[in-house]
Amino acid sequence: MSDIIRIWVETTHNSAFRSGGWAYVLAEGSARLGAAGGERTASAERVALAGLVEALKAAPAGVPVEVKSASPAVTALAARLAAAEPPQEDLDLWAPLTAALKARPVSIGRAANAPKTPPAFAAAWAELARDKVKNGGAFRAAIPKINLGKAGVPAVA
């Protein structure tokens, strides 16, 4: 088991169709895992909440987690968490997020979305998920291990 788990979470939202997608890449030592999904008729904040909840559910309890994102919705959510604003909607996602944050130390920061990096990889999967939900409804799937090898996750020093 690694000392820290790194997770990259990216989201995308189409306000015209109110559909959005999320994806994450989780790195624990040399192990990689990830998933993508999305919802129809969802706000950008709801999509960010769903992505963050799914990513944190994949991480073992008690191990520190470092979340990075280039997505404005995820970084806005991090600012809202830091300000301890009480949720007014999406309580079905706030409850598991609160539980996940209590189960382990979590830091959320900004990442650059440069080519061949985990944020770019996750953003591409989030776009795919958004397109799938726009045409077919709610979606969630694991990212195949063969694809995760191309995520551009840097080696742990």
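The values are calculated or read from the model by the stated rules, or taken from the named source; none is laboratory data. Owing to the predicted nature of the structure, the values given are computational and were not obtained by experimental measurement. As a convention, Cβ positions derive from the backbone with ideal geometry for all residues, glycine included, and neighbour counts pool all protein chains shown.
Criterion applied to Ala120, Ala112, Ala95 was being assigned to a helix (DSSP H, G or I), under 30 Å from Ser30 (Cα atoms) and without any contact (Cβ under 8 Å) to a residue 60 or more places away in the chain, and the one residue passing it is Ala120. The residues of the stretch 10-45 that are closer than 20 Å to Leu97 by Cα, in contact with a helix residue (DSSP H, G or I) (Cβ under 7 Å, 6 or more places away or on another chain) and either without any contact (Cβ under 8 Å) to a residue 40 or more places away in the chain or not in a strand (DSSP E or B) (or both), listed by number, are Leu26, Ala44, Glu45. Candidates in the stretch 63-79 are the residues that are outside any helix (DSSP H, G or I) and of a type in the set (A, V, I, L, M); of these, the one that is surrounded by the fewest Cβ atoms within 10 Å (Cβ to Cβ) is Val63.
Residue-wise test of (1) among the basic types (Lys, Arg); (2) closer than 20 Å to Ala58 by Cβ; (3) modelled with pLDDT under 90.
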| site | (1), (2), (3) |
| --- | --- |
| Phe121 | no, yes, no |
| Gly136 | no, no, yes |
| Asn147 | no, yes, no |
| Val153 | no, yes, yes |
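Condition check ((1) under 17 Å from Glu66 (Cα atoms); (2) crowded, with 17+ Cβ neighbours inside 10 Å) across all residues:
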{"site": "Glu10", "(1), (2)": "yes, yes"}
{"site": "Ser15", "(1), (2)": "no, no"}
{"site": "Trp22", "(1), (2)": "no, yes"}
{"site": "Arg32", "(1), (2)": "yes, yes"}
{"site": "Val47", "(1), (2)": "no, yes"}
{"site": "Leu52", "(1), (2)": "yes, yes"}
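Any residue at all in the stretch 55-62 that's under 19 Å from Ala31 (Cα atoms), surrounded by fewer than 13 Cβ atoms within 10 Å (Cβ to Cβ) and either aliphatic (A, V, I, L, M) or free of Cβ contacts under 8 Å to residues at least 24 places away in the same chain (or both)? Checked the stretch 55-62: at least one residue is under 19 Å from Ala31 (Cα atoms), surrounded by fewer than 13 Cβ atoms within 10 Å (Cβ to Cβ) and either aliphatic (A, V, I, L, M) or free of Cβ contacts under 8 Å to residues at least 24 places away in the same chain (or both). Taking the criterion of being of a type in the set (A, V, I, L, M, F, W, C) and surrounded by 11 or more Cβ atoms within 10 Å (Cβ to Cβ), the residues of the stretch 80-97 that qualify are Leu81, Leu93, Trp94, Ala95, Leu97.
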